[in-house]
Amino acid sequence: MLNFYNSLTHRVDEFQPIQPGKVGMYTCGPTVYNYAHIGNFRCYAFEDILKRTLLASGLQVKHVMNLTDVDDKTIRGSQAEKLPLQQFTQKYKDAFFADIKTLRILPADVYPAATETIPEMIQLIQTLFDKGIAYQADDKSVYFSIAKWPKYGQLVNIDRDAMRVGVRIKMDEYAKDSMADFALWKAWDEADGEVGWDSPWGRGRPGWHIECSAMSSKYLGKTFDLHCGGIDNLFPHHEDEIAQSEAANGCKFVNTWMHCAHLVVDGQKMSKSLGNFYTLKDILGKGYTGREIRYVLIGTYYRQSLNFSFQALEEARGNLQRIDAFTARLKDLAAVETAGETPAEIAALASEAAAKFLSALQEDLNVSGGLGVLFDFIRDGNRAMDAGQVNAAGAKAMLAALASIDQILAVIEPDAGEAVPAEVVSLAEQRTAARKAKDWTLADQLRDQIAALGWEVKDTPKGPQFVKK
Ligand code: AMP
Ligand code: ZN
């Protein structure tokens with residue numbers, strides 16, 4: 001059974017897909033005007049844990065993630081760099097795909113781009129116009145009239161008496177206390193430069209909110225199961241999406257809304273001005289791996305702020321080393337071809353760990369509870385191995401439990417091992433020789449040379465082990 005906190009009902013509800021066995025899931029994707037920061041990746045990592053939990057629960061998932069490639073920010077950015085919009089956003093799209101791979105985030109099934117969905121957006125606005133809910137103002141832009149939609153305010157409480165009827169806001173982002181009629185179609189002005197599309201209301205471009213309404217329903221239908229994002233998307237973005245879609249389509253838009261809390265750095269909100277703004281590349285450059293960063297991003301319950309720190313990355317490294325040592329021990333045992341069945345208590349230990357882990361995740365994505373199950377399993381498994389109770393079959397059963405847990409966590413299996421370049425191997429051999437000769441200066445220099453090639457060499461009792469940075 002799956003239970004998730006639903007921002008729409010403000011409580012934990014049992015999750016039931018509309019079509020048995022199949023889930024339609026939409027996640028608000030990056031606005032491709034800059035390199036995504038690790039706060040964004042907290043959000044995508046949370047969505048990845050959610051999706052993997054659905055998959056591990058035997059459900060099929062159709063996952064749609066949009067790429068916002070036209071909005072206030074992308075236009076401003078492309079003009080600052082004097083690049084056509086498409087060329088400007090492409091760089092950040094490419095970086096985004098590389099980054100999610102590094103973080104072991106499963107790709108979505110479809111990545112619609114806003115600029116490729118303009119006809120659907122115009123159609124949706126036309127429907128709102130025909131219903132008298134949208135209107136064209138003096139500035140030629142088209143707005144959604146919140147006074148005409150009494151159901152406005154499903155995610156956040158709206159003080160309808162304090163509503164400023166007829167006040168309009170053209171910007172995509174605004175606070176709840178400046179709630180107003182929001183832009184569906186923004187009339188072209190000089191600041192838009194080359195960017196614009198023809199529409200029944202003249203040349204212009206879509207508002208940010210209508211983009212997600214159109215892109216989600218294009219691929220998932222007018223009513224679908226799950227819609228997610230960071231908590232800052234709750235208002236106005238998601239509130240506005242609900243209003244537009246439900247007013248236009250005359251049916252419920254989304255059954256379950258899930259939002260993750262923010263990532264903060266050393267207790268402070270991450271921002272460029274505070275100098276605590278990190279991209280993934282920044283942290284990889286400090287010598288941490290994608291796997292270690294993922295571990296930190298998923299480790300805190302998603303509805304709680306995640307305090308990101310280098311201390312947390314160090315702890316992640318330590319925890320992963322414990323996992324790796326356990327896995328390596330099991331692999332050694334499993335490799336010895338001995339006859340014999342899995343002892344009953346080992347089989348039970350393995351299957352209970354996998355089942356308890358999945359149950360924790362099914363209870364509103366309790367990753368820390370799941371990690372607790374994993375580390376209990378490691379402790380008990382190590383004890384059983386110390387006591388000589390684990391044969392090859394038992395080790396294989398325990399490895400299978402780890403693999404099952406890793407379907408969701410995706411941190412247990414060390415990086416599949418990109419082939420180690422010959423140059424790195426040769427430098428490592430020279431380093432081993434230098435260490436034998438107690439030439440520590442040379443050994444350190446060689447280690448730095450290896451690091452410059454993007455690798456780390458670890459000295460283990462079995463010889464050098466290579467880790468890609
Ligand atoms: P954006 O590219 O700004 O549209 O953001 C992409 C996603 O990241 C959205 O779902 C945001 O809600 C989310 N997000 C932005 N900042 C943070 C943060 N500091 N912590 C967690 N999620 C965030
Ligand atoms: Zn969105």
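The values are calculated or read from the model by the stated rules, or taken from the named source; none is laboratory data. If you're wondering where the values come from, they're calculated on a predicted model, not measured in any experiment. Don't worry about glycine lacking a Cβ; one is built from the backbone with ideal geometry, like all the others, and counts go over all protein chains shown. Only protein heavy atoms, including side chains, enter the accessible area calculation; ligands, DNA and RNA are left aside. Shrake-Rupley method; radii C 1.70, N 1.55, O 1.52, S 1.80 Å.
Residues whose amide H lies under 5 Å from that of Val265, counting only those 5 or more places away or on a different chain, are Met270, Phe308; hydrogens are built 1.01 Å from N in the peptide plane. Computed about its Cα centre, the charge dipole of region 252-374 is approximately 680 debye, with only Lys, Arg, Asp and Glu carrying charge at their Cβ. Between amide H atoms placed 1.01 Å from N, distances below 5 Å from Cys260 occur with Gly229, Gly230, Ile231, all of them 5 or more places distant or on a separate chain. The angle separating the long axis of helix 344-362 from the principal Cα axis of greatest extent in the chain is about 20 degrees.
Taking all protein chains as they are arranged and a probe of 1.4 Å, the heavy atoms of Val296 leave approximately 10 Å² accessible to solvent. Shape analysis of the chain based on the Cα gyration tensor places the equivalent ellipsoid semi-axes at 47, 28, 17 Å, largest first.
For the chain, the 222 nm mean residue ellipticity estimated from helices alone, with every DSSP H stretch of n ≥ 4 adding -39500 (n - 2.57) and the total spread over all residues, rounds to -14500 deg cm²/dmol.
DSSP bridge analysis restricted to the chain gives an antiparallel fraction near 50%, rounded to the nearest 5. Nearest 10 degrees, 0 to 90: what angle lies between the long axis of helix 239-249 and the longest principal axis of the chain (Cα atoms)? Helix 239-249 sits at roughly 60 degrees to that axis. Which net charge results when you count Lys and Arg as +1 and Asp and Glu as -1 among the other residues whose beta-carbon is under 9 Å from that of Lys62? Spelling it out: positives minus negatives among the neighbours equals 0. Computed from point charges on the beta carbon alone (+1 for Lys and Arg, -1 for Asp and Glu), the dipole magnitude for the chain about its Cα centre is near 380 Debye. When the inverse distances between all different Cα atoms of region 126-232 are averaged and flipped, the Kirkwood radius reads 15.2 angstrom. To the nearest ten degrees, helix 290-299 and the longest principal axis of the Cα atoms of the chain are 70 degrees apart.
Candidates Gly132, Val336, Asn366 compared by Cα position along the dipole of the chain: farthest toward the positive end lies Val336, with charges placed on Cβ.
All alpha carbon pair distances within region 3-260 were sorted into 5 Å bins beginning at 0; the resulting P(r) in whole percents reads 1, 6, 13, 18, 19, 17, 13, 8, 4, 1, 0. Each DSSP beta bridge with both residues in region 3-260 is either parallel or antiparallel, and the antiparallel ones are about 45%.
When only the Cβ of Lys, Arg, Asp and Glu is charged (+1, +1, -1, -1), the dipole of region 51-91 relative to its Cα centre reaches about 200 debye.
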